[in-house]
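In what follows, a structure is listed as structure tokens, so that the remarks can point back to it.
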């Protein structure tokens, strides 16, 4: 079994790393290239990718170009790793690799941030119905949206 964790920065990375330490299998990580801390924490088996996040100094065109580049980079990473499952804890890097994984029929697990009690994040809303498993950290969120499951606090 090969798992590919899509990590962001801050709390998304912390939760993803806690989860990855609880499974025994071959693990790989997609991390934002600008996050040196994340790269150090995951060590080997990581792929640094560009973050599509909009920055104050950028215009929208740059954000779109970064997102398109992330789609291409995600394709390359998935072809190299050939994971059985992609897992994300809701970072901004999630959408392109998850959509590429869907084309290859790779299973995907989206775990919403515990800060989302009643409403999902933008990425979470977009991925509803497009992932193999969509997990909420609160029963209130699962009760409000079809296809969202609550199985206890995940991490």
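Descriptive notes on the structure:
- Set side by side, the residues 26, 36 differ, and just one is exposed (fewer than 14 other Cβ atoms within 10 Å of the Cβ) and touching a strand residue (DSSP E or B) at 6+ places or on another chain (Cβ under 8 Å), which is 26.
- Candidates are the residues of the stretch 88-98 that are under 15 Å from residue 134 (Cα atoms) and modelled with pLDDT under 95; the one that is surrounded by the fewest Cβ atoms within 10 Å (Cβ to Cβ) is 95.
- Taking first residues from the stretch 21-32 that are over 15 Å from residue 46 (Cβ atoms) and partners that are modelled with pLDDT of 95 or more and assigned to a strand (DSSP E or B), the Cβ contacts under 7 Å between residues at least 6 apart in sequence or on separate chains come to 23/3; 25/2; 25/3.
- Listed by first and then second residue, the pairs linking a residue in the stretch 71-94 that is in contact (Cβ under 8 Å) with a residue 24 or more places away in the chain and on the phi > 0 side of the Ramachandran plot to a residue that is in a loop (DSSP other than H, G, I, E, B) and surrounded by fewer than 21 Cβ atoms within 10 Å (Cβ to Cβ), with Cβ atoms under 9 Å apart and 6 or more places separating them unless they lie on different chains, are 82/104; 82/106; 90/113; 90/116; 90/121.
- For residue 80, the conditions (1) out of contact with any strand residue (DSSP E or B) (no Cβ under 6 Å at 6 or more places or on another chain); (2) assigned to a loop (DSSP other than H, G, I, E, B) are fulfilled apart from (2).
- Residue identified as within 14 Å of the chain's Cα centre (by Cα), at pLDDT 90 or above and assigned to a helix (DSSP H, G or I) among 47, 71: 71
- Qualifying residue in the stretch 107-118 (condition: surrounded by fewer than 13 Cβ atoms within 10 Å (Cβ to Cβ), touching a strand residue (DSSP E or B) at 6+ places or on another chain (Cβ under 8 Å) and not in a strand (DSSP E or B)): no
- Test: residue in the stretch 128-135 that is touching a helix residue (DSSP H, G or I) at 6+ places or on another chain (Cβ under 6 Å) and crowded, with 20+ Cβ neighbours inside 10 Å: no
- Residue within the stretch 28-41 that is at pLDDT 95 or above and under 23 Å from residue 124 (Cα atoms) present: yes
- Residue 143 vs. criteria over 22 Å from residue 49 (Cβ atoms), free of Cβ contacts under 8 Å to residues at least 40 places away in the same chain, touching a strand residue (DSSP E or B) at 6+ places or on another chain (Cβ under 6 Å) and surrounded by fewer than 21 Cβ atoms within 10 Å (Cβ to Cβ): no
- Scan the stretch 83-103 for residues that are part of a loop (DSSP other than H, G, I, E, B) and under 12 Å from the mean Cα position of the chain (by Cα) and the total you get is 6.
The values are calculated or read from the model by the stated rules, or taken from the named source; none is laboratory data. Since the model is a prediction, treat every value here as computed from it, not as a measurement. Every residue, glycine among them, receives a Cβ derived from its backbone with ideal geometry; neighbour counts consider all protein chains shown.
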